[in-house]
1. Going by a ≥ b ≥ c, the root eigenvalues of the Cα gyration tensor, does the stretch 205-263 fall in the rounded group (a/c under 1.5), the prolate group (a/b larger than b/c) or the oblate group?
2. With respect to the cross-link table entries Lys76/Lys357; Lys27/Lys162; Lys7/Lys307; Lys162/Lys320; Lys43/Lys100, which display a Cα-Cα separation exceeding 24 Å?
3. If you average the alpha carbon positions of the stretch 292-362 and of the stretch 81-128, how far apart do those two centres end up, in angstrom?
4. List the aspartates and glutamates whose Cα sits under 12 Å from the Cα of Lys351, skipping any in the same chain fewer than 8 residues away.
5. As a test of the formula, what do you get for the chain when each DSSP H run with n ≥ 4 contributes -39,500 (n - 2.57) and the sum is divided by the residue count, at 222 nm and rounded to the nearest 500 deg cm²/dmol?
6. If you take the square roots of the eigenvalues of the alpha-carbon gyration tensor of the stretch 99-206 and sort them as a ≥ b ≥ c, do you get rounded (a/c under 1.5), prolate (a/b over b/c) or oblate?
7. Considering amide H positions built from the backbone, and no H for Pro or chain starts, which residues 5 or more places from Ala301, or on another chain, come under 5 Å of its amide H?
8. Please find, in a Gaussian network model of the chain (springs between Cα atoms separated by less than 10 Å), the residue of Asn37, Asn290, Asn79 whose mean-square fluctuation is greatest.
Amino acid sequence: DASDTEKGTYPHFMLKEIDEQPIVMRKIIREYQNGDNQIKLDKDIRKAMQDTDRVYIIAAGTSYHAGLVGKEFMEKLANIPVEVHVASEFSYNMPLLSEKPLFVFISQSGETADSRSVLVKIKELGHPALTITNVPGSTLSREADYTLHLHAGPEIAVASTKAYTAQIAVLAILAVDTAQAKDLTLDFDPLQELALVANAMEVLTDQKEEVEQLTRDYLATTRNAFFIGRSADYHVSLEGALKLKEISYIQAEGFAGGELKHGTIALIEEGTPVVALATQKNVNYSIRGNVQEVVARGANALVISMKGLEQDGDAFVLPKVHELLTPLVSVVPLQLLAYYAALHRDCDVDKPRNLAKSVTVE
Ligand code: G6P
């Protein structure tokens, strides 16, 4: 669809793509649903997932961050051990493989050379591969045994947004389909929960002014920023930091809340912005403790919490979604923070310096 690749009334593709996320969620629901509101997924992929004793997720950049979330789905819902690897490192430090490995390549473009070189290597070893991509005709898709399509529509901005949330949604569907194939009982219907996520995303994309104001309050003049979270929030904090550094050039790092005290807290000074995510009930107490620790050292803490877990002073409260799917909503204000930070600094939002949309060299 040609209009997909035009900005329309949007000043930047990134903002358009952030706004498209609820639409993409609904599209994924339609594409992966049969007439009976059940998951519809390729039988061969189902079989490959059933047959494997360990999944190796291989990806780069934002797709790697989606893989970290996907590991949680596959382990918690489908009871399959999962390793997530940065593609460029995999070849040097190839882990000892299990007896029946399945390789899952996550790649928006399907063209990332680092991932392709792993695919070539594991194909030589005779292992099966599934590619999860936004571009079904891409190299990684053609060379793998199976493909799952993200249905996110063309993503033009270099900083990936809707592909990340699409990857997470498809990984949730894949994990639940595998659990069903294994006759595991779940009280989690991903299609229904993703519909609620789509609604929540719509609420969030209508809160641009609030997020823009937070950007002014917390990130206006800073040279650095930290993102912290525990459990699923840790993975999203990595992605939030990546978004911010990619397009605004603010030095940003994501950390596990518990790791702060092992080094990073030394960097906290008067006024250092610390974005803390609090969407997980079981770690809410601990992440709040981290917030107190950094505030006591002068940090400007911007707490993004989930409805039901919020406390006085939180800067932003997310609409409630299923606890497994919180990354899909918590990432939205982080994408917007990065967008406005870049905009206010007059950075080239869609084409940041030194970066390419798809990196086809190793
Ligand atoms: C490039 C892009 C990133 C992307 C990464 C992986 O570095 O700038 O936004 O996350 O490649 O790309 P892929 O297409 O494999 O998901």
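Since every read-out is calculated from the coordinates, none of them should be taken as a lab result. These numbers were taken from a predicted model, which means no experiment stands behind them.
1. On the way: a/c = 2.03, a/b = 1.48, b/c = 1.37.
Because a/c hits 1.5 or more and a/b exceeds b/c, the stretch 205-263 counts as prolate.
2. On the way: Lys76/Lys357 32 Å; Lys27/Lys162 12 Å; Lys7/Lys307 33 Å; Lys162/Lys320 20 Å; Lys43/Lys100 18 Å.
Checking Cα-Cα distances, Lys76/Lys357; Lys7/Lys307 exceed 24 Å.
3. Each part reduced to its Cα centre gives a spacing of 29 Å.
4. Correct list for Lys351: Glu246.
5. -14000 deg cm²/dmol
6. Values: a/c = 3.07, a/b = 1.25, b/c = 2.45.
Because a/c hits 1.5 or more and a/b fails to exceed b/c, the stretch 99-206 counts as oblate.
7. Under 5 Å from the amide H of Ala301 lie the amide H atoms of Val274, each far enough along the sequence or on another chain.
8. Its mean-square fluctuation being the largest, the pick is Asn37.
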